[in-house]
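First the structure, in the form of structure tokens, and then the observations on it.
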Amino acid sequence: STGFAGESRMLTVTIQDSATKEPVPALIRVTDSEGRPLVLNGLFKRQNGWFSIASGTAVELPRQPLTLEGVRGIESLIARESITANQMDVKIQIVRFANLREEGWQAGNTHLHLNRLSRTEAENYLRLVPDSDGLDLVYLSHLRRIPDESSYVSNAIVEDDWSGRALEKLSTNRVLLRPGEEHRHNFGRGGEGFGHVMLLEIPGMIRPVSIGPGIMRSGSDSQPVRKGMKEAIEAGGTVVWCHNTFGFEDIPNWLAGTIHAQNIFDGGSRGTYDESFYRYLNLGLHVPFSTGTDWFIDDFSRVYVPGTGSVVSKKWLSQLRQGRSMITNGPLLRFHANGRPAGHVFASDGSLQITVAASGAGRDDFGALQLIWNGAVYATAKTTRDHQGVFQAELKETLTVEEPGWLAVRAQPMSGNNAFGKPLFAHMSPVYMEINGKRVFKPETAIELITAMEEGLQAVREKAVFATSDEDESVVRVYRDGIKRLRAMLKEHEAR
């Protein structure tokens, strides 16, 4: 059965990068005369009627007039072609309005798992889908949950990579695939627990992968996630906190310096910049911004960092750890302060003159470009649309900085949706201003986070099951140490 009423035909779809003339994979969406998207059998289904396709693929379609749209990632315009009832082939030109790879940026997804696919389907997905989205680097990660893990096909691929370089064999000249692990703990099946972290560029599995009877159906809540994080760091790995603020150990681990970057919107659009980033920044911490997608690539979410030539995972992660990053699922931002990029630290014995030059461009209207000073909107530039239909905004501001703080730019939150129907987001990691050797410190934020750690400790006391007093002590010490450290920072601030 074709799934179509009446006769069908095979349409061969050729996709070409208009600048290089090379064939490239992309996303296509086919709609009928009433604008309804068709199901394209044999292709990987994405969001909002889109499907990933390799150039030269023949697609079964009904013999009727149709509209075919094509796009690749977030740096190109959407191409549209009218298809006649008897047409048997079509060529789609992918026209870029930006090329961040040529500008010296590389796009990565730090958080991906696959399930309910065969091994062959999963390998084909990894070869095609990241490339159709214009990604340069993807971390496929191992995780455990009883009994669901029997369908986690990505686990076997990651294990085979650690033993036999399976992901290297699936990588191409455009997309590098690397292994990772999601180290985690929940109370109950999916309730908030100690938290989830990505352990990237580690030489092998750190055990236990998942902690506690909530996920593993047996045993005790035997150790904090900090233990696995420290093992990863000692092995040369990078630690990225997952899922915004989900998990009780995020605050004490940021204070202890055992987190290298913070993910937001990896697995949904819940969460805010204030909760995920700004509260740590307003304690004087340096917080690199990161993102990913979790189960499958269901959004255009990616983190760009500087990089030229072939992607090298350790170099890419080094740039991320230094805070030289932009997160986005659509708008493309540029940001310099006195000519310096994101992650730079300005140090002065007196006031600073800072000139910010920033811009944004996107296929979808992101409303405005906003300059953020210590968590508040300092200046705004609304979008306009250029002759190509690209939404643009530019902002130039000069500030006299007389107190410690941080500056960043972002797309206006809640401004619209991308082609996948997902809420748009984009944010640069900040630059930092240290005045007279001091960093920004907001006591009201410190008090709020001390309370949050106390509440986390109370939840652990009420919900955790420990087999020994040593297990109990290893977990609760994380919170006690965090509370003690932040109280000392607050006391030092009050004594200034």
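Here are the numbers for the structure shown:
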{"read-out": "Those residues of segment 181-196 which are free of Cβ contacts under 8 Å to residues at least 60 places away in the same chain and either out of contact with any strand residue (DSSP E or B) (no Cβ under 6 Å at 6 or more places or on another chain) or under 21 Å from Leu320 (Cα atoms) (or both), in sequence order", "value": "Glu181, His183, Gly188, Arg189, Gly190, Gly191, Gly195, His196"}
{"read-out": "Per-region count, segment 197-220, residues farther than 20 Å from Glu231 by Cα, outside any loop (DSSP other than H, G, I, E, B), of a type outside the set (Val, Ile, Thr) and in contact (Cβ under 8 Å) with a residue 60 or more places away in the chain", "value": "2"}
{"read-out": "Inter-residue pairs, beta-carbon under 6 Å, first under 9 Å from Gln412 (Cβ atoms) and in segment 370-386, second among the acidic types (Asp, Glu), 6+ apart", "value": "Thr383/Asp365"}
{"read-out": "Test: residue in segment 274-294 that is farther than 17 Å from Ala408 by Cα and either over 11 Å from the mean Cα position of the chain (by Cα) or modelled with pLDDT under 95 (or both)", "value": "no"}
{"read-out": "From Leu320, Leu283, Leu255, residue being surrounded by 24 or more Cβ atoms within 10 Å (Cβ to Cβ), under 26 Å from Phe194 (Cβ atoms), aliphatic (A, V, I, L, M) and not assigned by TED's automatic domain parsing to the domain that holds Val409", "value": "Leu320"}
{"read-out": "Residue count, segment 287-336 (criterion: assigned to a strand (DSSP E or B) and of a type in the set (Phe, Trp, Tyr))", "value": "4"}
{"read-out": "In segment 263-280, the residues that are assigned to a loop (DSSP other than H, G, I, E, B), out of contact with any helix residue (DSSP H, G or I) (no Cβ under 7 Å at 6 or more places or on another chain) and either hydrophobic (A, V, I, L, M, F, W, C) or surrounded by 23 or more Cβ atoms within 10 Å (Cβ to Cβ) (or both)", "value": "Phe265, Asp266"}
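Per-residue answers, yes or no, for (1) without any contact (Cβ under 8 Å) to a residue 60 or more places away in the chain; (2) under 32 Å from the mean Cα position of the chain (by Cα):
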position	(1), (2)
Pro37	yes, yes
Ser52	no, yes
Glu69	yes, yes
Glu75	no, yes
Val90	no, no
Ile94	no, yes
Ala98	no, yes
Arg101	yes, yes
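Yes/no per residue for (1) among the basic types (Lys, Arg); (2) surrounded by 20 or more Cβ atoms within 10 Å (Cβ to Cβ):
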residue: Arg36; (1), (2): yes, no
residue: Ala58; (1), (2): no, no
residue: Pro65; (1), (2): no, no
residue: Leu68; (1), (2): no, yes
residue: Glu81; (1), (2): no, no
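The values are calculated or read from the model by the stated rules, or taken from the named source; none is laboratory data. Keep in mind that what you see is a predicted model, and the values were worked out from it rather than measured. Cβ sites come from the backbone with ideal geometry, for glycine too, and all protein chains shown count toward neighbours.
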